[in-house]
1. Could you give me the residue pairs with C-beta distances under 7 Å whose first residue belongs to the stretch A:50-71 and is touching a residue at least 40 places away in the same chain (Cβ under 8 Å) and surrounded by fewer than 22 Cβ atoms within 10 Å (Cβ to Cβ), whose second residue is part of a helix (DSSP H, G or I) and of a type in the set (Gly, Ala, Ser) wherever it lies, and which are 6+ apart or on separate chains?
2. I need the helices (runs of 4 or more DSSP H) fully contained in the stretch B:1-120, keeping only those with at least 1 residues that are more than 7 Å from every other protein chain (Cβ to nearest Cβ), within 30 Å of residue B:357 (Cβ to Cβ) and touching a Cys at 6+ places or on another chain (Cβ under 8 Å).
3. For residue B:261, indicate whether it is over 18 Å from residue B:340 (Cβ atoms) and buried (at least 24 other Cβ atoms within 10 Å of the Cβ).
4. Does residue A:76 meet the test of being of a type in the set (A, V, I, L, M), buried (at least 24 other Cβ atoms within 10 Å of the Cβ), at the interface with chain B (Cβ under 7 Å from one of its Cβ atoms) and without any contact (Cβ under 8 Å) to a residue 24 or more places away in the chain?
5. Taking the options A:65, A:72, A:40, name whichever one is in a loop (DSSP other than H, G, I, E, B), modelled with pLDDT under 95 and of a type outside the set (Lys, Arg).
6. Being within 8 Å of chain B (Cβ to nearest Cβ), surrounded by fewer than 24 Cβ atoms within 10 Å (Cβ to Cβ) and either within 19 Å of residue A:435 (Cα to Cα) or without any contact (Cβ under 8 Å) to a residue 24 or more places away in the chain (or both): is that true of residue A:320 here?
7. Out of the residues in the stretch B:129-141 meeting the condition of being in contact with a Phe, Trp or Tyr (Cβ under 9 Å, 6 or more places away or on another chain) and surrounded by 24 or more Cβ atoms within 10 Å (Cβ to Cβ), tell me which one is farthest from residue B:321 (Cα to Cα).
Amino acid sequence: MRYLPQSPEDLRLMLSAAGVSQVEDLFASIPEPLRLKAPLDMPTALPECDLRERFVTRSSRNHSLTCRPGFLGAGAYNHFVPSPVGHLLSRSEFYTAYTPYQPELAQGTLQAIFEFQTMMADLCGTDVCNASLYDGASAAAEAALLAARVHKGRKVLVARSLHPAYREVIRTYLKHLDLDVGEVPYGPDGRIDLSSLAGAGVEEACCLLVGQPNFFGVVEDFETVSASLPAGPKRPLLVGVVCEALALALIRPPGAAGADVVCGEARSFGLPLGYGGPNLGFLAARKAHMRQMPGRLVGETRDADGRRGFVLTLTTREQHIRREKATSNICTNQGLCMLAAVIYLSLMGRRNLRELALRNLSKAEHLKARLAERGIRPLFSGPTFNEFAVGLKVAPSRANAEALKVHIVGGLDLSVHYPDLSNGYLLCATEQTPKEASEKLVDVLGGLS
Amino acid sequence: MSRFIEEPLLFEKDRPGRLGVCLCTKEVPTADAEALLGDLLRPEPPARLPELSEVDVVRHFTRLSLMNYAVDYGLYPLGSCTMKYNPKLNEDVSRFEGLAGLHPMQDDASAQGALEILHTLERALCAVSGMDVCTLQPSAGAQGEFTGMQLIRAYHEDRGDARQVVLIPDSAHGTNPATSHMAGYRVEEIRSGPDGCVDLSSLKARMAPDVAAIMLTVPNTLGIFEKQIDEICRILHEKGGQVYVDGANLNALMGITRPGDWGADVMHINLHKTFSTPHGGGGPGAGPVACKAHLEPFLPKPVLVRAKDGFRWDWDRPKSIGKVHAFYGNFLILVRALCYIETMGGEGLKRASQMAVLNANYLRARLGEHLPLGFDGPTLHEVVFCDKGLPGGITTMDLAKRLIDYGFHPPTVYFPLIVHGALMVEPTETEPVEEMDRFVEAVKAILDEARRDAEFVKRAPHEAFRRRLDEVAAARSPVLTYRPEGG
Amino acid sequence: MNVPGDLKYTKTHEWVRASGGEAVVGVTDFAQHELGDIVFVEAPEAGAAVTAGSPMGSVESVKAVSELNAPVSGTVSAANDALKDHPELLNQDPYGEGWIVKIALSDAAEIGGLMDAEAYGKYVAEASH
């Protein structure tokens, strides 16, 4: 067993030091009737070369978006990851380290988190950002919990155009907490229908969560949303939920347009699709809500010699100190994903990230225009980023089957999540979507009637 | 030459005009963003993203990495964290294109390899835990706890049985009470007896139909096996309660004894502890939940099923607690865990647990010559010492910080709360004996130093990248983002 | 340990200086010493109603949180704003500049139910054994 270093000589020495004659004696505190009598029901061990081969086979039984172009987004966007990201993440000093509880030995991780917090707060238009949460969905749930702590309202309002899985996770998180979850419908532009706010109970709400862009790829107008909320102490917290963080480089950040909290998913910054995980959830907020934030925060300070250094701070919010009164139970978060993002963002820089976002917009607009030429039109009139919904003349499942024949992974059947959008089809185009694939898709969809 | 180079913040290294990446070739005309987005357009590019060359970025993060301590460097004896070696094969495999490039919304037929991995991992975790079914969706231990407590809650409510209280021993991790609270339960602490185990008579006295569950870490945070665990399960079940096992310390038990066989109903498993996936400087981990068949209807959706023509996700789960993750969990972490399991096999996993316990008991014996134990009883994979009689008036923290100068990461300190000045040591099975000997010698040397010059020890570390950091100042006026000098 | 003779005390280590229907409230020297460097004080704002024995805020050090209980019932008439930027006042001068809130008493008789300095001194001596 190559991960176990105990030689026969070591064993003899260690057993003797521990005062037992055989390893089994060390388990004497486990009552005999509770011990497992049979070996574990599991396949036998495989040597490295055989096991690698087994995973090669498993891997080849999947058709990934890297080997077959596709138009799926819906919360997981296919972006190019520059080589240095993988190389730097592979440094043992990062990935085999623990949470930076001993700051003197973890300044590398701590400084990277501080840099991440700074960049993300800027991107979100907020004062502060935490060191990560699990994913965008749980981040949205945590944002609702934050709102419920600082606001008397017992209703959590969610735009129906928010990612369906996020809405499900929010419901799971809030289920037993005496909070009522209500949904606000969308209008013909694909944006939240502000005339429905009163009917949805905005006067009793502690927060309103709105996707930016939303699940239909539509860019919401946060300033107008914000202006439509009740004023004064009844004003619920406005939460911008970002599934596609790249959009933040091009659109007005929710935090600068009235949102109190901006949370979501930043997998687009340097992480592979990975069948949906690991992800990079985050939560950013105004300074006023800093002490109610979930998850880790890193702060700047000085060491005994007066040199700048970084530490985990405001830890009294967390479970290991406040226990059942903690702002969240989160402990392990998505540290290495955070590192990927901060490396990615520093490679991109301000101009290139914006240019990349612009190219995503351009790819999507190009596809949108080509489809329109074939009579396939957007479902909604609102502006979009790199994803948009169209109405097909046939069932999306049929369209996807046809696309697969020309080795293309088609879009998402919206009717699965929105029965009222029958033949609704969600398409995403990023810098990774070849123009040639778009042309093929246009031909396939245009030929169906 | 110093090993450490002072490395400025990225923002201080910003050189407008430098490029770290060349974007892919432009294939379509640039859209008129202003016309399309109007007022929704971001007025300025994000100012805090620096402009650096690729070399600048690589050097920056390489230099930062040198300020970290890591398992690949040496002993990382954090109790309850199971800082075992992270195998390199796992890392390679998780980067295979067919796994890393897979989109979560692809149809099941095009992801059969991934689904087979998940299914195999589910079966393996059921085998190790003695449970019937498993969900891989939770992203970490705490989310696993949350999922498990939601299962318990859904189970009770499905039977029309509203219960309000969760019992938690005073030695528990903070996540347990925090989780119970998030699941809408009231937490009651139960005290540990003098042997470090749950006091059965007080448990019996407290057990009533308002108790939904007990949350127990086995072995507990003192490294002690809860020897009457089957009796605890019986007491809970007799009055309709459920038993939740926190699997944080499963590394002591693989192939030796199984929570499912004790009578436990549900547990979570930290893949980043027991199953060797990297801690990553604070995640991502994974916290699968394994449970008995009676909780199966409530599992998060979708549930993976094996049909004649292959694997598929079953979304039609009317009693499900819902979802805890946007997709299926931290998939690429799950891949690593299966790779570890298949490297070890059943026998290998058992051997790992045996060696973890042997290593811990070796350290216990050798360190025990210099430090007093927190509790006397036999311990498994970790051991807790207390600060009684530390020489020269040094504290647990001083000892921990001085260990840094000797090239070690300190053990977990001041936890569990029920041991005064606790020093909690867990070497794991992957430590060679000479590394542990080096650690013992370091502790011994520090205690000698404290007898001679306690003040010197109290000012440690002296040789790390930073001396002790002012956490009070950091918390009094928090600076959480970069502010330019004078800005 | 400093236990001024003219104050009243609670078992949760708050002190009270009552005069003319108003009570000034803070935490004791013992409490600030046990907590160590105070980094944050969460106190109710003026106008808030508080009930004797119920939590009304908290006092935090880097690694611990201590609940702040209202020693008497009434309405908060003032909160010590200086603590927002200088929580260390609680360590430096717990009975003076480190006061936390002033409460307009709704039931002056509650003062009688609190410990005097002698009783509190004994209580602390016993508690720390």
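1. Every condition considered, the pairs that remain are A:69/A:437.
2. Passing ranges, in order: B:88-94.
3. The answer is no for residue B:261.
4. no
5. Answer to the check: A:65.
6. yes
7. The extreme case among them is B:140.
Residues are listed down the side, and each one gets a yes or a no for (1) assigned to a loop (DSSP other than H, G, I, E, B); (2) of a type in the set (A, V, I, L, M, F, W, C):
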position	(1), (2)
B:196	yes, no
B:202	no, no
B:205	no, yes
B:214	no, yes
B:220	yes, no
B:226	yes, no
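The values are calculated or read from the model by the stated rules, or taken from the named source; none is laboratory data. None of these values were measured; they are calculated from a predicted model. Don't worry about glycine lacking a Cβ; one is built from the backbone with ideal geometry, like all the others, and counts go over all protein chains shown.
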